[in-house]
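Chemist: Submitted below is the structure of interest, expressed as structure tokens.
The values are calculated or read from the model by the stated rules, or taken from the named source; none is laboratory data. Since this is a predicted model, take the numbers as computed values, not measurements. When we count neighbours, we look across all protein chains shown, and the Cβ atoms used for this are built from the backbone with ideal geometry, even at glycine.
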Amino acid sequence: MLKIVTKKQNKNNNNCYKHFQDLLKQKKTNNNTMLGQLLMVLFASITVLSGVFGATCVTKPTCERTDYTLPLCVSGTCACLNSSFVPIRSGCALQMYKPVIKTDMASSNQVFYGGPITLYCDGTYGAETYEWYLGTTKLNTTTYTYSAIASASNVGSIRCRGLSKETVVTSPLSDAFIVEMLGGPGGLTASNVRPTVEMRTTAAFNGSYEFIYCQNTPMGYRDITYTLNGVDTRDSGVTIDSTNAGQDVTCSLTSPSSGVTFSNPTSAVTKLPILVTNILNVTVLNTNKAFLECSFIPSMKEYGSRTFIFTWQMDGKTINNESSPIFFPSVVGSYDVTCAVQMDNQTVVPSINKFRVNIVDDTGLIASATKPLQGGRVILVCGGRTSDQHRYQWGKGKYDIVGQYDRKLQLDNVSAQDNGVYVCRHENRVQKIFSTSIEVLTTISKPVIEIIGSSGGATRFGETGDYWLVCTTDSGVDSMTFEWTINGVKASVTDKFYPLRSIASSKNGVYVCKAMFKNLISESSDPRTVTVTKPGKLCYYDNMCVLPYDGYTGQCDVNDRCECSDGYSQKGEVCSNGVLYNISIALVSVVALLHSRLI
């Protein structure tokens, strides 16, 4: 009855410009078409390209404020929010947290002379190398684990810290961990450290196999005696049944060194799990941010022939086809998730808690350019954000970008070293994962001429209408300029937008553009022919003039154009009352300005 599930990966990798162009093409021509187009382009410009940040500001002389970056550019480097952040290749990174030194198998800080010392530098997420110190002396170990054979020369005060691939991202030194040696030259002759015994569960099904954990013993010491209700054994595992459930258990050091006296070689008493025949309680856990777990006591391990049925609910409604103990939330919105477990034919036991899921969007990872030019700037945006409770994390290829927690990532002055697959994870209690690929180019990809205007994405140009030709390229970057020619003659326009306002037949011709960045020049775009026709929307055989928009009578005029209502006139290929037209012209000017500065 258990169902194995695999995580569904979101492959919503968006090319921002193409996404909005596709939206434009889906719109029907009407009075609001032009306004809608321009608003969407304006929205794309603002949401994707504002708030960039990064360690360097070579391509542009300033940085814009984000969560962790200040606008100030000092000697080509963006200033970070405070001393807790440092500039790295892709932005301002949060320094690592202070690590804690831990022992192997939850041992004590003591070790017998000649015994193994095993320590871990824990809590340094993202560290690739480590530094270990004995007193003030730096040790040769550069790994997460420090190992040595105990002698008077290698015990005492030990500290560690982690370092990331970006060497400026480091952790502080840990607090000192004092290793004490028992016996041998210079070692202690007595110890008052007492072992502890632990059971990981308080209840078990009949036949469950549980382990007894003897902790706080000297490092590397494994000669343990377990006493169950007065009977000694060397086996740390026990099958729970009616003969031993709930009984006393202790652990002891069997044969400590003859040269060392232990004042407390035996642990205090604890109890073996009690025997139960039904599930005691169920809890929704979120120990892994990517999914929820339906956990219960006693656990499922060693459950033999028992059958468990899991159900999940969203705001009290059962989620179909979810029968695994693991659940991956994917629905956008805020809702409470609960689970329930039924063992065999017993009563269904609901979870004692509910978990609040908050997934605000499924936007994905948007790149300002997926094929940027060498020396340009790329901005990556991880989904949307509607609250400060969101957390973001970035990676490249198989590795995390340590300390990179901002929603937006900037790669400035890009080169081939920036090629690769970038992954972002954003979470508000539940994690979403997206990815996109970046390929830095040394040549500009061939541009394409698109149309924005009152034609709604068509290829016709109605007289007196306002249109803009747009020179687009996959390798668009900041500070790119453009060259336009009409009928082979170079124009004065150097922006990606070529304006054709109040178009007349004098604008007829063959238009071609090139994109330029630093010393690079693209090949010419395919030609775009502009032929101005009479204004107004064409009438078709199926009477397309019957439209659900203001400004149309539903009839055709003598020029085979849709007739406009009183107060409206034919502008380009729509009926306009002039108000929306003026707003549209203003908006397109703003869009052009944004693109000239940001793309």
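Chemist: Pairs needed: first member in region 498-519, in contact (Cβ under 8 Å) with a residue 12 or more places away in the chain; second member anywhere, outside any loop (DSSP other than H, G, I, E, B) and of a type in the set (S, T, N, Q); C-beta distance under 6 Å; at least 6 residues apart or different chains.
Modeler: Correct list of pairs: V510/T529; V512/T485; M516/T481.
Chemist: Oh, and also: Can you tell me which of Q417, Q346 is closer than 26 Å to M96 by Cβ, surrounded by fewer than 18 Cβ atoms within 10 Å (Cβ to Cβ) and at pLDDT 85 or above?
Modeler: Result: Q417 is the single residue among Q417, Q346 that is closer than 26 Å to M96 by Cβ, surrounded by fewer than 18 Cβ atoms within 10 Å (Cβ to Cβ) and at pLDDT 85 or above.
Chemist: With the requirement that a residue be in contact (Cβ under 8 Å) with a residue 40 or more places away in the chain and farther than 25 Å from R429 by Cα, what does region 293-352 give you?
Modeler: Result: P298, K301, E302, Y303, G304, R306, T307, F308, I309, M343, Q346, T347.
Chemist: Condition first: among the hydroxyl-bearing types (S, T, Y), out of contact with any helix residue (DSSP H, G or I) (no Cβ under 7 Å at 6 or more places or on another chain) and either at pLDDT below 85 or outside any strand (DSSP E or B) (or both). Now tell me which residues in region 561-584 satisfy that.
Modeler: Correct list: S565, Y568, S576, Y581.
Chemist: For region 164-223, how many residues are hydrophobic (A, V, I, L, M, F, W, C) and touching a Lys or Arg at 6+ places or on another chain (Cβ under 9 Å)?
Modeler: 6
Chemist: Any residue that is of a type in the set (D, E), touching a residue at least 60 places away in the same chain (Cβ under 8 Å) and not assigned by TED's automatic domain parsing to the domain that holds M105 - is there at least one of those in region 165-173?
Modeler: No: region 165-173 contains no residue that is of a type in the set (D, E), touching a residue at least 60 places away in the same chain (Cβ under 8 Å) and not assigned by TED's automatic domain parsing to the domain that holds M105.
Chemist: Got a sec? Which of G384, G457, G465 is buried (at least 22 other Cβ atoms within 10 Å of the Cβ), part of a loop (DSSP other than H, G, I, E, B), at pLDDT below 85 and not hydroxyl-bearing (S, T, Y)?
Modeler: Only one candidate qualifies: G465.
Chemist: Another question, if that's okay. So is A592 at pLDDT 85 or above, within 48 Å of the chain's Cα centre (by Cα) and not charged (D, E, K, R) or not?
Modeler: no
Chemist: Residues that are modelled with pLDDT of 95 or more and over 47 Å from the mean Cα position of the chain (by Cα): list the strands (runs of 3 or more DSSP E) wholly contained in region 197-299 that include at least 2 such residues.
Modeler: Because the criterion is at least 2 residues that are modelled with pLDDT of 95 or more and over 47 Å from the mean Cα position of the chain (by Cα), the strands (runs of 3 or more DSSP E) in region 197-299 that meet it are 224-228, 231-233, 248-253.
Chemist: Just to verify a result, which residue in region 96-131, among those that are β-branched (V, I, T) and under 33 Å from the mean Cα position of the chain (by Cα), is modelled with the lowest pLDDT?
Modeler: Only one residue fits best here, namely T124.
Chemist: Of everything in region 523-573, what is among the acidic types (D, E), more than 49 Å from the chain's Cα centre (by Cα) and exposed (fewer than 14 other Cβ atoms within 10 Å of the Cβ)? Give them in sequence order.
Modeler: Within region 523-573, D542, D560, D566 meet the criteria.
Chemist: Continuing with the same structure: If the requirement is being assigned to a loop (DSSP other than H, G, I, E, B) and surrounded by 17 or more Cβ atoms within 10 Å (Cβ to Cβ), which of these qualifies: I444, I433?
Modeler: I444
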